Amino acid sequence: MNFKLPLKPNAMRRSMFWLIALLIFPAFTGLAQIKLPRLVSDGMILQRDTEVNLWGLASPNEPVSLNFQNKIYETSANADGEWRIKLPAQPAGGPFEMSFTGKNKIIIKDVLFGDLWIASGQSNMELTMDRVRDVYPEELRSAQNPVIRQFLVPDVYNFKNQEKDLQGGDWKEVNPDNIADFSAVGYFFAKELYEQYQVPVGLINAALGGSPVEAWMSEDALKKFPEPYAELQKFKNDSVIKQIEMNDQNRINKWYGELIQKDKGSKGNWKDPKIDDYNWKSMQVPGYWADGELGNVNGVVWFRKDIDLPEDYKDAEASLWVGRLVDRDSVFVNGSFVGTTGYQYPPRKYRVGEGILKFGKNTIVVQLINESGRGGFVGDKEYFLAVENDTINLEGAWKYKLGAEMPPIGSQTFIRWKPAGLFNSMIAPLKNYPVKGVIWFQGESNTANPEVYADRFGEMILDWRKHLNQPDLPFLYVQLANFMESKKEPGNSNWAALRQAQLETLALPNTGMAVAIDLGEWNDIHPLNKKDVGERLALQARRIAYGEDSLTASGPVARSARMEKEKIIIEFDHTGTGLVSEDGNFLKQFSVSGDGKTFHWATAEIKGNTVTVKSDKVRTPVAVRYAWADNPDDANLYNKEGLPATPFELKIKK
């Protein structure tokens, strides 16, 4: 039997000394080692043709050197352990290695020099290639370009301080394994630029769904706007955040707890295809139950549809598409669970596994929970069951029954959208990293108060240029796409007012706007045509960032309106090789007003590079509008280059 004698006191003291030394040694060695920020990592793209900062941490006053292309660049950390090395401008190229040496050595591999773009905004910039897979299947199957890369910035916030480094992320190149996670707008933008200039293109993807412009502004920028500035001060208090989150969670948990207790469908196992649904009522799908006999109730409603399948469908794997549902669904086929989605916007595309389908009668059941507003099946979406190349349309009559009625749940407080939080964590850490420009798709979350958007958005652009140390930084953005149901008569529109604010932001130098008024979907705030959006942004980049001054990069932009005899003459910039009606019909969506408040439809006609407008209902017009609606779906003024005119409102000069 093996054993050891007890240690003598001196030996014990020596052992304790070495034990303590071993425990604390890593802390000292960690301070003595250089550390690089997340962006400075394998696969990074650095901005070509400009002096580049490379930076990091080390122990105070520690010497640090960079070996690049057989040249040594040296510096020392300051008293806070921060260091920076300036690398002279480099042409496009790579891949290269960079070796950083302090008391340790870090080798960064596969470094490229090219053009780097920040891709930011809310969900329409964040929307991934995976989400548009069915629109661009070949792109996802065959995408292969090792010099187009994305760095995905983590979605985090900080209300108290500007972060010095990102909390995660790495560089990924375009290939079939990675492409699904790329911003769809960003990818098509980068692809177009690469095809034009054949240089590496990097995307720093810093976008977050639902975020208002105030979340992307620094505290300094917010000082000009008392309301969001005061809100920022409130959310610096951790206890306030904790209390709000706890109250929200308790309220939501209570609502769902009561729903579960009351839901007759769950208790009665209404997902079972064998239950008797003879007395269930019928509703047309797609549609909203508020429009039918059930009325405008919230809670949970169960839907059932029986379909007959031929024998060769038996046990086959299938795809079940149930459009878009408001709000939260669980879907069953022949009693087997096939999928769930927790909120209204994502398309429902569920896999029906082998062994679930059978010959003859099959039953599809949807448990649909509506938290507030109008629940149901969104129109003009796809509802079908597909097996190989055969599809069965699921539109038409479905049976339904109310499982439980509940009061509206009320909206949740999304802390991460509060002022300055996203700037501090997702933009501030980029300030040492020179970029070619910014692409931006945002505004939907500010449509409730469009009057303040122009000032805040403009201030945000100036603020970013200041913090990124690039006063002339090209800033390119997407005007809001068409959305919601079209209206027959002219009227007010918050979405149109916000588009006007975006239009007015073009007064800032080195800004460009991609018009998307023809690329939206009335029933989806996340339209799937991201290719045209990316390519229109690339046109703006070619003109503003790459100096192709003669390029027609925009559709017509109204410059002025004046009265001439009894007609309004509207002059335009960016007419290209001429104005056209895109569908060949007379111009639509022009309206005029005699008091600046009430507008009436007007006739409009192209005359050279101008448009003449007249309305018999308005004798002395003071204002003219074009495409002033949430969804002006028949707006048809374009230039011959195929780019749509921006919506606008102009005062008329006498």
> How do the strands (runs of 3 or more DSSP E) wholly within the range 48-153 filter down when requiring 2 or more residues that are more than 21 Å from Q167 (Cβ to Cβ): which remain?
Replying inline: 63-68, 71-76, 82-87, 93-101, 105-121, 145-152
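Each row is one residue, and each column tells you yes or no for (1) within 27 Å of V366 (Cα to Cα); (2) assigned to a loop (DSSP other than H, G, I, E, B); (3) among the β-branched types (V, I, T).
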residue: A221; (1), (2), (3): no, no, no
residue: Y229; (1), (2), (3): no, no, no
residue: Q233; (1), (2), (3): no, no, no
residue: S239; (1), (2), (3): no, no, no
residue: K242; (1), (2), (3): no, no, no
residue: W255; (1), (2), (3): yes, no, no
residue: I260; (1), (2), (3): yes, no, yes
residue: G265; (1), (2), (3): yes, no, no
residue: K271; (1), (2), (3): yes, yes, no
> Which of the residues spanning the range 408-450 are β-branched (V, I, T) and surrounded by fewer than 17 Cβ atoms within 10 Å (Cβ to Cβ)?
Replying inline: T413, I415
>> Return the pair list, or none, for Cβ contacts closer than 6 Å from residues in the range 100-115 that are closer than 25 Å to K436 by Cβ to residues that are in a strand (DSSP E or B) and at pLDDT below 95, at least 6 apart or on different chains.
In response: none
> Of the residues in the range 189-219, how many are part of a loop (DSSP other than H, G, I, E, B) and either at pLDDT below 95 or of a type in the set (V, I, T) (or both)?
Replying inline: 1
> Picking from L506, L498, which residue would you name as being out of contact with any strand residue (DSSP E or B) (no Cβ under 7 Å at 6 or more places or on another chain) and not in a loop (DSSP other than H, G, I, E, B)?
Replying inline: L498
> How about the range 553-566: which of its residues are of a type outside the set (A, V, I, L, M) and crowded, with 18+ Cβ neighbours inside 10 Å?
Replying inline: S554, G555, P556
> Which one is modelled with the highest pLDDT, of the residues in the range 346-361 that are surrounded by fewer than 17 Cβ atoms within 10 Å (Cβ to Cβ) and closer than 14 Å to L325 by Cα?
Replying inline: K349
>> Regarding the range 397-411, can at least one residue be identified that is within 20 Å of the chain's Cα centre (by Cα) and either assigned to a strand (DSSP E or B) or among the aliphatic types (A, V, I, L, M) (or both)?
In response: no
> Only one residue in F96, F68, F100 is surrounded by 14 or more Cβ atoms within 10 Å (Cβ to Cβ), within 34 Å of the chain's Cα centre (by Cα) and not assigned by TED's automatic domain parsing to the domain that holds Y187. Which one?
Replying inline: F96
>> Would you confirm whether or not the range 285-298 contains a residue that is surrounded by 17 or more Cβ atoms within 10 Å (Cβ to Cβ) and touching a helix residue (DSSP H, G or I) at 6+ places or on another chain (Cβ under 7 Å)?
In response: no
>> Looking at the range 522-550 only, could you name the residues that are crowded, with 20+ Cβ neighbours inside 10 Å and more than 18 Å from V438 (Cα to Cα)?
In response: H526, P527
> In the range 384-407, what residues are surrounded by fewer than 22 Cβ atoms within 10 Å (Cβ to Cβ) and out of contact with any Lys or Arg (no Cβ under 9 Å at 6 or more places or on another chain)?
Replying inline: F384, A386, V387, E388, N389, D390, T391, I392, N393, E395, P407
>> Need pairs with beta-carbon distance below 7 Å; first residue within 11 Å of N639 (Cβ to Cβ) and not assigned by TED's automatic domain parsing to the domain that holds A627 and within the range 553-567, second part of a strand (DSSP E or B) and at pLDDT below 95; sequence gap 6+ or separate chains.
In response: none
> Which members of the range 165-215 meet the condition of being touching a Ser or Thr at 6+ places or on another chain (Cβ under 7 Å) and either surrounded by 24 or more Cβ atoms within 10 Å (Cβ to Cβ) or within 30 Å of N449 (Cα to Cα) (or both)?
Replying inline: F182, S183, A184, L203, N205, A206, A207, G209, G210, S211, P212
> Of all residues in the range 516-552, which are aliphatic (A, V, I, L, M) and either free of Cβ contacts under 8 Å to residues at least 60 places away in the same chain or out of contact with any helix residue (DSSP H, G or I) (no Cβ under 7 Å at 6 or more places or on another chain) (or both)?
Replying inline: A516, I517, L519, L539, I544, A545, L551
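Residue-by-condition table, conditions (1) out of contact with any Phe, Trp or Tyr (no Cβ under 9 Å at 6 or more places or on another chain); (2) surrounded by fewer than 19 Cβ atoms within 10 Å (Cβ to Cβ):
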{"position": "N469", "(1), (2)": "yes, yes"}
{"position": "L476", "(1), (2)": "no, no"}
{"position": "P490", "(1), (2)": "no, no"}
{"position": "L508", "(1), (2)": "no, yes"}
> Which of the residues belonging to the range 295-331 are part of a strand (DSSP E or B), of a type outside the set (S, T, Y) and closer than 23 Å to W255 by Cβ?
Replying inline: N298, G299, V300, V301, W302, F303, L325, V326, R328, D329, V331
>> For Q243, only one of the following conditions fails: (1) assigned by TED's automatic domain parsing to the domain that holds R328; (2) within 29 Å of the chain's Cα centre (by Cα); (3) not hydrophobic (A, V, I, L, M, F, W, C). What is its number?
In response: (1)
> Filtering the range 362-383 down to residues that are of a type outside the set (A, V, I, L, M, F, W, C) and in a strand (DSSP E or B), which residue is surrounded by the fewest Cβ atoms within 10 Å (Cβ to Cβ)?
Replying inline: T363
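Here's the yes/no breakdown for (1) closer than 20 Å to N482 by Cα; (2) of a type in the set (F, W, Y):
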site: E521; (1), (2): yes, no
site: K530; (1), (2): yes, no
site: L539; (1), (2): no, no
site: T552; (1), (2): no, no
site: K565; (1), (2): no, no
site: G578; (1), (2): no, no
site: F590; (1), (2): yes, yes
site: H600; (1), (2): no, no
>> Taking the criterion of being in contact with a strand residue (DSSP E or B) (Cβ under 7 Å, 6 or more places away or on another chain), on the phi < 0 side of the Ramachandran plot, among the polar types (S, T, N, Q) and free of Cβ contacts under 8 Å to residues at least 60 places away in the same chain, would at least one residue in the range 318-332 satisfy it?
In response: yes
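The values are calculated or read from the model by the stated rules, or taken from the named source; none is laboratory data. Keep in mind it's a predicted model, so treat the numbers as computed, not measured. So basically every Cβ, Gly included, is an ideal-geometry build from the backbone, and we count neighbours across all protein chains shown.
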